[in-house]
Amino acid sequence: MSTALAYALHRPSGTFEPTEITRRELGSNDVRIKILFAGICHSDIHTAREEWGKVNYPLVPGHEIAGIVEAIGSSVTTHAVGDRVGVGCMVNSCRVCENCLAGHEQYCAKGNVGTYNSKDLDGTITQGGYATSVVVDAHFVLKIPAGISLDVAAPLLCAGITMFSPLKRWGTGPGKKVAILGLGGLGHMGVKLAAAMGAEVTILSRTSAKESDAAALGATNFVVTEPAALRELRSSFDLIINTVSASINAETYLSLLRFNGTLANVGVSPEPLSTRFSPLAQNNRVLAASGIGGIAETQEMLDFCAANGVGASIETIAANEIDAAYDRVVASDVRYRFVIDISTFTA
């Protein structure tokens, strides 16, 4: 076994504390990574505060990991010491089911193994990226191209792929009109990616506070979601991606879709999303949801971002700022993703 210095929570209402954790010994198919940056995802907060179910404490969150390969197992041929790499939301799956074999490990029939607070195939509980190092099966280690700095690449491992996957699936490109509902950690990546794909991008937001930000990120239009403004947008969009975690009126946004248009939900609302069938039948619309991507698609996203100069917009913080950052994320007070500088970790 090896050890790593991590920042962990020991109870739902606690604060992050420096904690020594154990990492498994390097196996033949493993990669040991020196973590340099770790993004903060809202999922980290929901999990840490036990809002999504039981948590195994102490908990080390973090599934937006960027760093350098320190060592490789004897059978690893895909990575080498010194490589720039990343780890996203999962670190294992069965790899033999139909979904895994098709490159959709995130939908593993037996359940994928999350990067933290998840039972691995050997029965241990995974600990995430708020740590100085991690050992991960080489299959789940992504290459970060030289065209992206590691700090802005870290959030791509969750926020980036969460937006890239539905944009790609529903054919975003030149001539397409895409709307992003909500301009936060996910939404800002959606704007950057959709614009880089050649689409016309509109931000739909509750207030006008981020209108100038949206334009700087690549949005062509910005609309405050008042009833009169939304009525003017009926049958306007090929794709709407809903990133907000609060409940929305699905019928209102379905009415904004063109023929064969899709309303894809990536935000996780605590309330059920419901609609009548009639708004779907009109214009042959689709109501859908999307998660993260598989490993191959995540690598495709990283390569696309490098080729198009796309990275997350970040605020870099030190280890002693994690608790305050959590509160700021909940208050929507971040532009647009917090990234922890792991070099600030001290015992």
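Observations on the structure shown:
- Scanning the stretch 287-299 for residues that are at pLDDT 95 or above and more than 15 Å from the chain's Cα centre (by Cα) yields a count of 1.
- Within the stretch 225-243, the set of residues being in contact with a Ser or Thr (Cβ under 9 Å, 6 or more places away or on another chain) and surrounded by fewer than 15 Cβ atoms within 10 Å (Cβ to Cβ) comprises Pro227, Arg231, Arg234, Ser235.
- Given (1) modelled with pLDDT under 95; (2) in contact with a Cys (Cβ under 9 Å, 6 or more places away or on another chain), index of the condition Glu51 fails: (2)
- From the list Ala325, Ala306, Ala347, Ala312, the lone residue that is surrounded by fewer than 14 Cβ atoms within 10 Å (Cβ to Cβ) and not β-branched (Val, Ile, Thr) is Ala347.
- Verdict on Val135 being part of a strand (DSSP E or B), under 22 Å from Val76 (Cα atoms) and either in contact with a Cys (Cβ under 9 Å, 6 or more places away or on another chain) or hydrophobic (A, V, I, L, M, F, W, C) (or both): yes
- Members of the stretch 229-261 that are without any contact (Cβ under 8 Å) to a residue 40 or more places away in the chain and closer than 14 Å to Leu280 by Cα: Arg234, Asn249, Ala250, Glu251, Thr252, Leu254, Ser255, Leu257, Phe259, Asn260, Gly261
- Screening the candidates Thr316, Thr243, Thr252, Thr275 for the property of being outside the structural domain of His63 (by TED's automatic domain parsing) and under 19 Å from the mean Cα position of the chain (by Cα) yields one hit, Thr243.
- Close pairs from the stretch 321-338: first assigned by TED's automatic domain parsing to the domain that holds Gly184 and touching a residue at least 40 places away in the same chain (Cβ under 8 Å), partner part of a loop (DSSP other than H, G, I, E, B) and surrounded by 14 or more Cβ atoms within 10 Å (Cβ to Cβ), Cβ under 9 Å, at least 6 apart: none
- Unique match (being surrounded by fewer than 20 Cβ atoms within 10 Å (Cβ to Cβ), under 18 Å from the mean Cα position of the chain (by Cα) and not basic (Lys, Arg)) among Ile40, Ile35, Ile45: Ile45
The values are calculated or read from the model by the stated rules, or taken from the named source; none is laboratory data. Being a predicted model, the structure only gives us computed values, none of them experimental. Because the Cβ atoms are built from the backbone with ideal geometry, glycine has one as well, and the counts that use them run over all protein chains shown.
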